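Novice: I'd like to ask you about the structure that follows.
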Amino acid sequence: MELKILPDELSVCKLAELPSEDMPEGFFSLTRTDQEISLVCATAKVPVNTTDREDGWRAFRIEGILDFSLIGILAGISAVLAEKKIGIFVVSTYNTDYILVKTEKLEEAAMALQATGYTVTK
């Protein structure tokens, strides 16, 4: 399985309300629940109405389109990273999944994944 490291440093944010301005270009994920509005986007593009934020994340994208019948993809990746005590934040989309790790753990995460058979590219 191939994982691609995305180029931008990311932030995980909590917003007071849905942004009224256009959403940033590039990678972002916006989620609204009955309890919160969360945004993951490039750190350089964090909107002004952020109430909380956690900067310093980088993302691995699982390459290709994942069929909904596939089981254990994230479990396998998270197990490798958990063994190395690397925390994750996951964003799932219709096509694939993104695994975020803190920037200072990116290289360690990439090496651990490669050592267990994953292909990691930039």
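The values are calculated or read from the model by the stated rules, or taken from the named source; none is laboratory data. Note that the structure is predicted; figures quoted are calculated from it, not measured. Cβ sites come from the backbone with ideal geometry, for glycine too, and all protein chains shown count toward neighbours. We work out accessible area using only protein heavy atoms, side chains counted, and drop any ligands, DNA or RNA first. Shrake-Rupley method; radii C 1.70, N 1.55, O 1.52, S 1.80 Å.
Novice: How much area per residue is accessible in the stretch 1-43 when the probe is 1.4 Å and only protein heavy atoms are counted (Å²)?
Specialist: About 60 Å² of surface per residue is accessible.
Novice: Per residue, how much accessible area does the stretch 51-119 show when a 1.4 Å probe rolls over the protein heavy atoms, in square angstrom?
Specialist: 58 Å²
Novice: Once Lys and Arg get +1 and Asp and Glu get -1 on their Cβ, which of 114, 50, 95 lies farthest toward the positive end of the dipole of the chain?
Specialist: Going by the charge dipole, the pick is 114.
Novice: Once Rg/Rh (Cα atoms, Kirkwood Rh) is worked out from the coordinates, which option in [x] 0.98; [y] 1.17; [z] 1.01 does it equal?
Specialist: Structure-derived value, by its label: [x].
Novice: Also, I was wondering about something else. Compute the angle between helix 106-115 and the longest alpha-carbon principal axis of the chain, please, reported from 0 to 90 degrees and rounded to the nearest 10.
Specialist: Tilt relative to the chain: about 30 degrees.
Novice: Given the options 22, 97, 67, which has the most mean-square fluctuation in a GNM of the chain, springs set between C-alpha atoms less than 10 angstrom apart?
Specialist: Ranking 22, 97, 67 by mean-square fluctuation puts 22 first.
Novice: Of the cross-linked pairs 45/102; 85/122; 4/102, which ones have a Cα-Cα span greater than 21 Å in the structure shown?
Specialist: Over 21 Å apart, Cα to Cα: 85/122.
Novice: What are the residues whose amide H is under 5 Å from the amide H of residue 46, where those residues sit 5 or more places off or on another chain and H is modelled from the backbone?
Specialist: none
Novice: May I pose another question? Tell me which residues come under 5 Å, amide H to amide H, from residue 56 once H is placed; ignore anything under 5 positions away on its chain.
Specialist: Answer set, sorted by chain and number: 10.
Novice: In the stretch 1-20, which residues have a backbone nitrogen under 12 Å from the label point lying 7 Å from residue 55's Cα in the Cα-to-Cβ direction?
Specialist: Residues 9-12 fall inside that zone.
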